[in-house]
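Please read the structure below before turning to the comments.
The values are calculated or read from the model by the stated rules, or taken from the named source; none is laboratory data. Small disclaimer: the values here were computed from a predicted structure and weren't measured. Reconstructed Cβ throughout: ideal geometry from the backbone, glycine too, with neighbour counts over all protein chains shown.
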C-alpha cells in the first residue's frame, strides 16, 4: 500500500543511527531534494529544548547525512499557530486563491 505524499518513508535514505545531531530526534517526514539533499521534519531535542525542526540535510563525502544551518526550529508554544497557518494555506490553495488576510 502506498503512503500519503510527504509521509515518512523508512526505506528512503540511510538509517538515522550514528548521526550526531540533535541530542534526541524522531523523524516525521523526509522530502527528497535531489540525490544529495533532503528536507526533514523532526521532533528534536537540542540543548535541552524540545521542538519541531524543519531543516535541509546533505549527504557528506563520508556517505552520512548532516544537518545544515538552513532550517527552523519551532517551539511547542508556536506549533498551534503554525498548524492553523498550514490549514489556512491548504484551504486557500484548494480554492485557487492566495490573497493575504489583512493584518489585525
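Whether any residue in segment 74-82 is part of a strand (DSSP E or B) and either at pLDDT 90 or above or more than 21 Å from residue 26 (Cβ to Cβ) (or both) is what I want to check.
Yes, some residue in segment 74-82 is part of a strand (DSSP E or B) and either at pLDDT 90 or above or more than 21 Å from residue 26 (Cβ to Cβ) (or both).
Could you list all residues from segment 49-65 that are in a strand (DSSP E or B) and loosely packed, with under 13 Cβ neighbours inside 10 Å?
49
Is it the case that residue 91 is surrounded by 10 or more Cβ atoms within 10 Å (Cβ to Cβ), within 17 Å of residue 29 (Cβ to Cβ) and modelled with pLDDT of 90 or more?
Spelling it out, it is not the case that residue 91 is surrounded by 10 or more Cβ atoms within 10 Å (Cβ to Cβ), within 17 Å of residue 29 (Cβ to Cβ) and modelled with pLDDT of 90 or more.
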